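Please read the structure below before turning to the comments.
The values are calculated or read from the model by the stated rules, or taken from the named source; none is laboratory data. Quick caveat, the model's predicted, so the values are computed rather than measured. Using ideal geometry, Cβ is built from the backbone for each residue, glycine included, and neighbour counts are taken over all protein chains shown. Only protein heavy atoms, including side chains, enter the accessible area calculation; ligands, DNA and RNA are left aside. Shrake-Rupley method; radii C 1.70, N 1.55, O 1.52, S 1.80 Å.
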Amino acid sequence: PKLGSLTEHHFEASGGGVILNNLVYYNTQGEPAQISDARNLLIGFARHQVKIGRVGFDNQATYTRGGDVEGLRIPSLVTNSRVYYESYIFRKALFSQVGAEMYYQSRFRAYDYSPSTQQFYQQDLFTIRNYPVVDVFFVADIKTVSIFLKAAYVNQGVLDNGYFTTPYYTGYPRRFQLGVKWNFFN
């Protein structure tokens with residue numbers, strides 16, 4: 001609903017349950033295994049978007065209960081937050097957006113990876129710690145052309161100098177990304 005001329009709110013939430021029967025996974029030895037007991041997951045999702053003039057906030061979170069048992073490795077909390085400023089320039093010929101985005105997941109025992117078999121498998125010794133990854137971005141649209149510039153993982157070195165995506169495999173370090181999308185039609 002709209003609350004005055006400067007503010008727009010949008011909120012959505014959902015919840016659900018998942019029952020996994022006869023789950024097949026790769027055990028700690030990297031061999032296929034099957035669990036005959038049912039695995040139950042409770043999942044809650046919420047998203048809140050608000051715009052105050054040209055400034056926007058977009059926050060979403062997913063909570064999963066029951067994802068840290070034999071055969072499953074799911075972080076209990078995953079969030080993505082974004083703040084941005086958007087406007088038109090050059091007589092509305094160019095739409096631009098500049099902002100920051102943060103991804104966060106809670107600590108969990110992630111699947112390990114075996115390069116020789118190219119397979120993820122369950123492990124119980126290494127815990128991926130909770131850590132935010134912050135990106136800063138600029139997006140511009142000129143008719144059918146979209147351009148984006150992104151400085152990814154700008155918070156590298158603030159809390160620590162890196163993070164793990166899976167045991168003993170680090171995430172990408174700070175980097176600069178450029179992208180162009182050109183639709184050849186009007």
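Within the stretch 65-76, restricting attention to residues that are open to solvent by 60 Å² or more (accessible area, probe 1.4 Å) and part of a strand (DSSP E or B), which residue is farthest from residue 8 (Cα to Cα)?
68
May I ask you to say which residue of 116, 96, 106, 146 is within 27 Å of residue 33 (Cβ to Cβ), among the polar types (S, T, N, Q) and in contact (Cβ under 8 Å) with a residue 12 or more places away in the chain?
One residue alone meets the criteria, 106.
Could you list, in sequence order, all residues of the stretch 151-161 that are closer than 20 Å to residue 137 by Cα and modelled with pLDDT under 90?
Answer for the stretch 151-161, where residues must be closer than 20 Å to residue 137 by Cα and modelled with pLDDT under 90: 157, 158.
Could you list all residues from the stretch 100-133 that are of a type in the set (D, E, K, R) and farther than 21 Å from residue 70 by Cα?
Within the stretch 100-133, 101 is the sole residue that qualifies.
Being open to solvent by less than 90 Å² (accessible area, probe 1.4 Å) and among the basic types (Lys, Arg) is the filter; apply it to the stretch 32-64 and report the residue that is farthest from the chain's Cα centre (by Cα).
39
Restricting to the stretch 81-108, and then to whatever is farther than 23 Å from residue 156 by Cβ and charged (D, E, K, R), can you tell me which residue is modelled with the highest pLDDT?
Once the filter is applied, the top-ranked residue is 86.
Against the conditions (1) touching a Gly at 6+ places or on another chain (Cβ under 8 Å); (2) closer than 25 Å to residue 54 by Cβ; (3) not aliphatic (A, V, I, L, M), where does residue 119 fall short? Just the number, please.
(2)
Go through the stretch 138-167 and give me each residue that's in contact with a strand residue (DSSP E or B) (Cβ under 8 Å, 6 or more places away or on another chain) and open to solvent by 100 Å² or more (accessible area, probe 1.4 Å).
Matches in the stretch 138-167: 159 only.
Is it fair to say residue 18 is part of a strand (DSSP E or B), under 23 Å from residue 95 (Cα atoms) and in contact (Cβ under 8 Å) with a residue 24 or more places away in the chain?
Considered against the rule, which asks whether it is part of a strand (DSSP E or B), under 23 Å from residue 95 (Cα atoms) and in contact (Cβ under 8 Å) with a residue 24 or more places away in the chain, residue 18 comes out as no.
Going residue by residue through the stretch 21-40, is there one that turns out to be among the polar types (S, T, N, Q) and within 30 Å of residue 135 (Cβ to Cβ)?
No: the stretch 21-40 contains no residue that is among the polar types (S, T, N, Q) and within 30 Å of residue 135 (Cβ to Cβ).
Within the stretch 127-137, is there a residue that is open to solvent by less than 50 Å² (accessible area, probe 1.4 Å), more than 20 Å from residue 85 (Cα to Cα) and touching a Pro at 6+ places or on another chain (Cβ under 9 Å)?
For the stretch 127-137, residues open to solvent by less than 50 Å² (accessible area, probe 1.4 Å), more than 20 Å from residue 85 (Cα to Cα) and touching a Pro at 6+ places or on another chain (Cβ under 9 Å): present.
Sort out which residues of the stretch 154-171 are part of a loop (DSSP other than H, G, I, E, B) and either of a type in the set (D, E, K, R) or under 16 Å from residue 129 (Cα atoms) (or both), and write them in order of number.
Within the stretch 154-171, 155, 156, 157, 158, 159, 160, 161, 162, 163, 167, 168, 171 qualify.
Please enumerate the residues belonging to the stretch 109-150 that are among the polar types (S, T, N, Q) and either at pLDDT 95 or above or in a loop (DSSP other than H, G, I, E, B) (or both).
Residues satisfying the conditions are 116, 117, 118, 122, 123, 127, 130, 144.
Does residue 131 qualify as being in contact (Cβ under 8 Å) with a residue 60 or more places away in the chain, on the phi < 0 side of the Ramachandran plot and touching a Phe, Trp or Tyr at 6+ places or on another chain (Cβ under 7 Å)?
no
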